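Below is one structure, written out as C-alpha cells; the observations come after it.
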Amino acid sequence: MAKAKTAYVCTDCGASSSKWQGQCGECGAWNTLTEFVVEPAAAGKGGGAAPSHQVGWAGRPASAGVVALKDVSQDAEVRVSTTIGELDRVLGGGLVEGSVVLVGGDPGIGKSTLLLQALALMSAHLPAIYVTGEESLAQVAGRAQRLGLPLENLHALAETCVEKILGQAASARPAPRLLVADSIQTLWSELLSAAPGSVSQVRESAAKLVRFAKETGTSVFLVGHVTKEGGIAGPRVLEHMVDAVLYFEGESGSRFRVLRAFKNRFGAVNELGVFAMGDKGLREVPNPSAIFLSGSSTAQPGSAVMVTREGTRPLLVEVQALVDSSPLSNPRRVALGLEQNRLAMLLAVLHRHGGVVTGDQDVFVNVVGGIRVQETAADLPVLLAVLSSLRDRPLAEKTVVFGEVGLSGEIRPVPNGEERLKEAATHGFRRAIVPKANAPKKGAFKDMEVIAVERLSEALDAAAD
Ligand code: TYD
Ligand code: MG
C-alpha cells in the first residue's frame, strides 16, 4: 500500500510543518506537533484509505445537503440488550446498533473481563469478534473458559494493525455485528509512522473504527487505559469521536466496581452500573444502595454517611475525614473521590461561617469504596466529617447527612430530598441533617428524626448534639 502523505500540525494554533519539531515555529508552544494524514494513499486492501480529515471528528458519513428537520425520518435507534442489566442501564437501555462506546479505566480494573463476558453472552444472537492487542488468543480463550462463558459463536483475532483488523472484519462470515478492540492504545495504522499508543495513532485507529461502525452498522467497543493524568490517552481526543464514554472506577482493595457514563449520545449521563468482581468474573449488583458503607457497626470520629443520587438511584455513601495538625507551612488538603478545589472552598466556608479553624491542619477526605461523588449534596457531609475528626467526636449513631453549602454559609437544597430520606430510612437510619427546603412534611417519617437546617452554624449545632 502506498504511503499516505502526513504532516505535523500544532494542536494549539493549527500551523502545519513537514517535519516534527519540539516547539511549534508559529506559536512557540512546546510538544504540540502531532502527526496527521493529509493526503490519502491509493486505495489499498484492508479498510480503505480515506483520510481521517474527511471523516470528521465524529466519523459521520458525508452530509446529504441542507434539509428541513421535519422531513428527516426519525427512526428510533435500534437497541440490543447486552444481557448484562447494569451495562444496559449505563448505556441508556441497551447497546445502540452502529454505536461506538469507549470503556476507560485503570489497568486491572476489569475492562477486558466485562467486555469478554458481554460479548460472549451477546454472541449467542449476534456475530461478534473480540480483537485483542494485549493478550494472546490462548489467554483470552483460557479466561473465557474459566469464566464459564459460551464460546461457540465468539470469534477472536489477535492483531494490532487497524487496516488488517478492518480487512478481517470485512471478510469474516457471518459479518460481525459487534466488535471489541482491546485496547485502543495498542492499535496502529500503517498510514502513520508514529509509535502505537501515540496520540496520532490512537486517533487515526479510532477514526477508522468509528467509520467502520457507521458504514456497516456494527457496534464497536473500544477499551482505553486511563493515563496517569486521568484522561484516556491523547488529550481527550477519543471522547469527541465516540458516541458514549463509560468509565470503570473502583478501589483496588475493594471488589466493587462502578461503571459510569461520562458521555452518552443515546442516553442520560451519570447513570451508574455497579458490579462485584469475584472468581467467576464480574457479577451485577442490582441493589447497590448500601454497599459503599464501611461496615463499621459503631459511629467513628471523622465519618459521615450521605445519600447521594447518581443517575436514577439513591446510594448511601460514607465520607471519611482525617484532620491532623500539620508540620507544613502550607498544610495539605487531599480529596479522594471528591473535587480538591471544592474541599478547599468548603474549609474556607467552615472558617468564615462556622468559626472552625483548619488552617494549621492537614485535611484528608476520602469517599469509601473508591466511588467518585460529583454532586454538591456531599458538601455538608464533608464538613461534618471534618469537624467530627477535628473534635474527635463521632456523629450520633445512625445519622445521615446531605446538603449543598453556599459561600455565605447557607445550606441549599438538593434534588429528590424525600427519595434520599426514604432510602436512608429503609436502611435503618434514625436521624437526618438536611437542608430546610428538603425537609418533608411533619410526621412523614415516623422512625426518623429529620433536622432541617438553613445555615451552616445550625448544622454544626445539630452535629454536636
Ligand atoms: P482485566 O479485565 O484484565 O482488567 P483490564 O482489562 O481493565 O486491565 O481484570 C483483571 C483483574 O481482575 C485481575 O486483577 C484479576 C481480576 N479478576 C478476578 O478477580 N476474577 C476473574 O474472574 C477475572 C477474570 C479477573
Ligand atoms: Mg485488559
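Among the listed residues V386, V349, V317, V334, which satisfies the condition of being closer than 26 Å to R89 by Cα and touching a residue at least 12 places away in the same chain (Cβ under 8 Å)?
Testing whether each residue is closer than 26 Å to R89 by Cα and touching a residue at least 12 places away in the same chain (Cβ under 8 Å) leaves just V317.
When the range 400-410 is examined, which residues are found to be within 26 Å of D362 (Cβ to Cβ) and either in contact with a Ser or Thr (Cβ under 6 Å, 6 or more places away or on another chain) or surrounded by 24 or more Cβ atoms within 10 Å (Cβ to Cβ) (or both)?
V401, F402, G403, E404, V405
When the residues of the range 90-110 are filtered to those that are within 16 Å of ligand 2 (Cβ to nearest atom) and of a type in the set (V, I, T), which remaining residue is surrounded by the fewest Cβ atoms within 10 Å (Cβ to Cβ)?
I109
Looking at (1) closer than 30 Å to R255 by Cβ; (2) modelled with pLDDT of 90 or more, which is the only condition G428 fails?
Just one mismatch for G428, condition (2).
Can you tell me which condition S388 does not meet? The list is (1) more than 30 Å from the chain's Cα centre (by Cα); (2) assigned to a helix (DSSP H, G or I); (3) at pLDDT below 95, and all the others hold.
Looking at each condition in turn, S388 falls short on (3).
Filter the range 149-159 down to the residues that are within 15 Å of ligand 1 (Cβ to nearest atom) and farther than 15 Å from L114 by Cβ, then identify the one that is farthest from the chain's Cα centre (by Cα).
Among residues in the range 149-159 that are within 15 Å of ligand 1 (Cβ to nearest atom) and farther than 15 Å from L114 by Cβ, the one farthest from the chain's Cα centre (by Cα) is L151.
Here are some residues: P381, P415. Which one is under 26 Å from R313 (Cβ atoms) and assigned to a loop (DSSP other than H, G, I, E, B)?
P415
May I ask you to verify whether V226 is of a type in the set (A, V, I, L, M) and either modelled with pLDDT of 85 or more or more than 16 Å from ligand 2 (Cβ to nearest atom) (or both)?
no
Can we say H125 is over 22 Å from the mean Cα position of the chain (by Cα), over 20 Å from G197 (Cβ atoms) and modelled with pLDDT of 80 or more?
Criteria met by H125.
Could you please give the count of residues in the range 427-463 that are part of a helix (DSSP H, G or I) and free of Cβ contacts under 8 Å to residues at least 12 places away in the same chain?
1
Evaluate the following for E190: is it at pLDDT 90 or above, part of a loop (DSSP other than H, G, I, E, B), away from ligand 2 (no atom under 16 Å from the Cβ) and in contact with a strand residue (DSSP E or B) (Cβ under 7 Å, 6 or more places away or on another chain)?
yes
Name the residue that is nearest to the chain's Cα centre (by Cα), counting only residues in the range 83-110 that are away from ligand 1 (no atom under 16 Å from the Cβ) and assigned to a loop (DSSP other than H, G, I, E, B).
Per the criteria, the residue is G92.
Out of K263, K280, report the one residue that is surrounded by fewer than 17 Cβ atoms within 10 Å (Cβ to Cβ), under 22 Å from I109 (Cβ atoms) and touching a Gly at 6+ places or on another chain (Cβ under 9 Å).
Answer to the selection: K280.
From G104, G142, which residue is within 23 Å of R255 (Cβ to Cβ) and either in the same structural domain as T6 (by TED's automatic domain parsing) or without any contact (Cβ under 8 Å) to a residue 12 or more places away in the chain (or both)?
Just a single option satisfies the conditions, and that option is G142.
Examine the range 280-296 for a residue that is modelled with pLDDT of 80 or more, assigned to a loop (DSSP other than H, G, I, E, B), in the same structural domain as V103 (by TED's automatic domain parsing) and more than 18 Å from the chain's Cα centre (by Cα), and state whether such a residue exists.
Within the range 280-296, one or more residues are modelled with pLDDT of 80 or more, assigned to a loop (DSSP other than H, G, I, E, B), in the same structural domain as V103 (by TED's automatic domain parsing) and more than 18 Å from the chain's Cα centre (by Cα).
For V245, are the conditions met, namely being in contact with an Asp or Glu (Cβ under 7 Å, 6 or more places away or on another chain), farther than 23 Å from G428 by Cβ, within 16 Å of ligand 1 (Cβ to nearest atom) and at pLDDT 90 or above?
Spelling it out, V245 is indeed in contact with an Asp or Glu (Cβ under 7 Å, 6 or more places away or on another chain), farther than 23 Å from G428 by Cβ, within 16 Å of ligand 1 (Cβ to nearest atom) and at pLDDT 90 or above.
In the range 322-369, how many residues are outside any loop (DSSP other than H, G, I, E, B), small (G, A, S) and under 17 Å from I411 (Cβ atoms)?
Number satisfying all stated conditions: 2.
So for the range 139-157 (the condition being on the phi > 0 side of the Ramachandran plot and within 16 Å of ligand 2 (Cβ to nearest atom)), does at least one residue qualify?
no
Just name the residue that is farthest from ligand 2 (Cβ to nearest atom) out of those in the range 111-135 that are part of a loop (DSSP other than H, G, I, E, B) and of a type outside the set (D, E).
H125
Quick check: is even one residue across the range 101-110 in contact with a Lys or Arg (Cβ under 6 Å, 6 or more places away or on another chain), under 27 Å from I129 (Cα atoms) and modelled with pLDDT under 85?
Scanning the range 101-110 turns up no residue that is in contact with a Lys or Arg (Cβ under 6 Å, 6 or more places away or on another chain), under 27 Å from I129 (Cα atoms) and modelled with pLDDT under 85.
For the range 268-311, name all the residues that are at positive phi and without any contact (Cβ under 8 Å) to a residue 40 or more places away in the chain.
Of everything in the range 268-311, just one residue is at positive phi and without any contact (Cβ under 8 Å) to a residue 40 or more places away in the chain, namely G295.
Can we say R372 is in a loop (DSSP other than H, G, I, E, B) and in contact (Cβ under 8 Å) with a residue 60 or more places away in the chain?
Considered against the rule, which asks whether it is in a loop (DSSP other than H, G, I, E, B) and in contact (Cβ under 8 Å) with a residue 60 or more places away in the chain, R372 comes out as yes.
Name the residues in the range 165-187 that are more than 16 Å from ligand 1 (Cβ to nearest atom) and not in a helix (DSSP H, G or I), would you?
A172, R173, P174, A175, P176, R177, L178, L179 - these are the residues of the range 165-187 that are more than 16 Å from ligand 1 (Cβ to nearest atom) and not in a helix (DSSP H, G or I).
The values are calculated or read from the model by the stated rules, or taken from the named source; none is laboratory data. All of these numbers come straight from a predicted model, not from anything done at the bench. FYI the Cβ positions are ideal-geometry reconstructions off the backbone, even for glycines, and counts take in every protein chain you see.
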